[in-house]
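First the structure, in the form of structure tokens, and then the observations on it.
The values are calculated or read from the model by the stated rules, or taken from the named source; none is laboratory data. Nothing here was measured: the structure is a model prediction, and the numbers come from that model. So basically every Cβ, Gly included, is an ideal-geometry build from the backbone, and we count neighbours across all protein chains shown.
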Amino acid sequence: MGVLTVERKILQKNDVIAAENRAMFLQLGLFTINLLSSPGSGKTSLVEKTIEVLKEKVNMAVIEGDVQTDLDARRIEKLGVPVIQIVTNGGCHLEANLVHESFKNLIADHLQFLIIENVGNLVCPASYDLGEDCKVVLVSTTEGDDKPLKYPAMFIKAKVMIINKIDLVPYVNCKPDVIEQNALSINPDLKIFRTSCTTGEGIQEWCGWINSNLRVR
Amino acid sequence: MHELSIAQEIIGIVDQYVAEDKSSVTKIRLKIGKLSNVVVDSLIFCFDAIKSDSNLQNAELVVDEVPIAIKCNTCNSIEEVSNFAAYCPNCNGTDTVMISGSELNVTEIEID
Ligand SMILES: Nc1nc2c(ncn2[C@@H]2O[C@H](COP(=O)(O)OP(=O)(O)O)[C@@H](O)[C@H]2O)c(=O)[nH]1
Ligand SMILES: [Mg+2]
Ligand SMILES: [Zn+2]
């Protein structure tokens, strides 16, 4: 009989494992990003482009998260970069323990850079810290310019926003300036890149930013 | 969409506080911020669907929803807003901090 005062974070278990991951990545000298967007915005395409530019100079690896299939991991494998696929079987986001377990299975020496491609979803992954250095949120010009306003939690937590499919601007009713304005109204500190994985526009700038953040060179 | 896994986490927390007879738990009180990306109705639905597996059949979730509030360091006002923005609704200043709205906590467990 009575009331127990609890005051516990519901996602504390995830936060604890995420903190362990972060400490481990730091100790390994690894720079880590958590790549987030709606399905189809171009996460895997951006990872491919990034690999093409960086793989000669940077030891990198990729963790792919999808609801089903290892299709994305196979795309990365073709480029000769170590990759692990996490299949969530319906789960709408990656959790820190999944990253922890799959990282153990990555066979890679002297890693400098790890990309975690999250499950395509602008809602749930915002709540789950994976232990990354920063969240990078991708929006493509085919999604309209209001996404930062509709999914603020994701944009509050991100350090970088990439506006992808910039090559399609002439064909869609979407203004990159408006995406930027909306995103900055949610998070004034966002670093912003505009890219096209088709023409390669903006990819060098993006990779330059990654380079400047590596811990070990 | 992740309300089922949130419901499982809640049950895991209750487990740590109530070791014996969990059927005596009547209420689990939560604090859920408007920006926490949890759909309350869906969370209650998921919890009700799985609670009896953990002997929590007599427990109900009671949710205190927390509004988004922004504190402005320029004019010192605290404003509740329905849509989050990083500027002050009072003076338009951008030196602001969100002081509530992202909560996702179990606050109390009531036992009969
Ligand atoms: N036109 C155009 N298409 C792109 C661009 N980036 C990706 N795509 C296409 O968008 C689709 C989804 O890309 P994918 O990388 O699989 O997206 P993900 O689901 O976010 O990983 C594919 O057909 C890509 O070829 C881009 O910058 N411009
Ligand atoms: Mg993908
Ligand atoms: Zn103000």
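Some notes on this structure:
- Summed over segment A:53-76, the residues that are assigned to a helix (DSSP H, G or I) and surrounded by 15 or more Cβ atoms within 10 Å (Cβ to Cβ) give a count of 6.
Yes or no, residue by residue, for (1) within 14 Å of another protein chain (Cβ to nearest Cβ); (2) over 12 Å from the mean Cα position of the chain (by Cα); (3) away from ligand 3 (no atom under 16 Å from the Cβ):
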site: A:Phe103; (1), (2), (3): no, yes, yes
site: A:His110; (1), (2), (3): no, yes, yes
site: A:Leu114; (1), (2), (3): no, no, yes
site: A:Asp146; (1), (2), (3): yes, yes, yes
site: A:Asp177; (1), (2), (3): no, yes, yes
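- Taken together, the criteria place A:His93 among residues that are within 14 Å of chain B (Cβ to nearest Cβ), away from ligand 2 (no atom under 13 Å from the Cβ) and not in a strand (DSSP E or B).
- Meets criteria (away from ligand 2 (no atom under 16 Å from the Cβ) and within 14 Å of chain B (Cβ to nearest Cβ)) for A:Asp133: no
- Residues satisfying the stated conditions in segment A:29-57, i.e. among the acidic types (Asp, Glu) and more than 8 Å from ligand 1 (Cβ to nearest atom): A:Glu52, A:Glu56
- Residue match in segment B:44-66 (condition: over 21 Å from the mean Cα position of the chain (by Cα), surrounded by fewer than 18 Cβ atoms within 10 Å (Cβ to Cβ), away from chain A (no Cβ under 13 Å) and within 16 Å of ligand 3 (Cβ to nearest atom)): no
- The number of residues in segment A:181-210 that are over 17 Å from A:Lys135 (Cα atoms), within 14 Å of chain B (Cβ to nearest Cβ) and surrounded by 15 or more Cβ atoms within 10 Å (Cβ to Cβ) comes to 2.
- Filter result for A:Ala126 (surrounded by fewer than 23 Cβ atoms within 10 Å (Cβ to Cβ) and either within 15 Å of ligand 2 (Cβ to nearest atom) or not in a loop (DSSP other than H, G, I, E, B) (or both)): no
- Elements of type strands (runs of 3 or more DSSP E) contained in segment B:28-96, each with 2 or more residues being at pLDDT 95 or above and hydrophobic (A, V, I, L, M, F, W, C): B:60-66, B:68-72
Each row is one residue, and each column tells you yes or no for (1) at pLDDT 95 or above; (2) within 14 Å of another protein chain (Cβ to nearest Cβ).
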position	(1), (2)
A:Val16	yes, yes
A:Arg22	yes, no
A:Thr44	yes, no
A:Gln68	no, no
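- Test: residue in segment A:48-66 that is within 14 Å of chain B (Cβ to nearest Cβ), under 15 Å from the mean Cα position of the chain (by Cα) and either among the β-branched types (Val, Ile, Thr) or within 16 Å of ligand 2 (Cβ to nearest atom) (or both): yes
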